[in-house]
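The values are calculated or read from the model by the stated rules, or taken from the named source; none is laboratory data. Please read all numbers here as calculations on a predicted model, not as lab measurements. As a convention, Cβ positions derive from the backbone with ideal geometry for all residues, glycine included, and neighbour counts pool all protein chains shown.
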Amino acid sequence: MKKFLATLIVLLTFSFQAEAITCEDSTFAIETINQTLREWKCTPLRIQYGGDELNSAENIAYMNELAEGKGFEKNFSACMVFYTDFISPPDDGKISAWNYDSEYKNYSWYFGFYEDGTWKLLTWGY
């Protein structure tokens, strides 16, 4: 019985580690968020990983519902969530969805993981 429990603990530990978000995954997400904020002419203040607990069956199902609604053909098998604070761009005289030159806090970014090893930014906002 002790050998079985020890083996089970090792397998559970391995499974947890295999599903954890890697440094490369988070680097990709942070670069994607920074690039998007630059394209929006926003100034990033903080980018924070939401934690491994958000890589849950519930969030993966949410991501797949969004993907299905957008006509994606593949399903996601993992999810990572980041939160950012940033300053929106100054008023440039154009119509914008932003409140100009304002601080936005805890703006979320959801990334889905495909079995082929690629991540996709699927949704962002509040």
Among the residues in segment 87-104, are any modelled with pLDDT under 90, of a type in the set (S, T, N, Q), farther than 14 Å from Gly50 by Cβ and loosely packed, with under 14 Cβ neighbours inside 10 Å?
yes
From the residues in segment 35-71 that are more than 17 Å from the chain's Cα centre (by Cα) and of a type in the set (D, E, K, R), which one is surrounded by the most Cβ atoms within 10 Å (Cβ to Cβ)?
Lys41
If you take the residues in segment 82-97 that are touching a residue at least 40 places away in the same chain (Cβ under 8 Å) and of a type in the set (Phe, Trp, Tyr), which one is farthest from Leu121 (Cα to Cα)?
Phe86
Residues of segment 105-124 being without any contact (Cβ under 8 Å) to a residue 24 or more places away in the chain and within 13 Å of Cys42 (Cβ to Cβ), in sequence order, are Lys105
Somewhere in segment 61-74, is a residue within 24 Å of Glu24 (Cα to Cα) and in contact with a Cys (Cβ under 7 Å, 6 or more places away or on another chain)?
yes
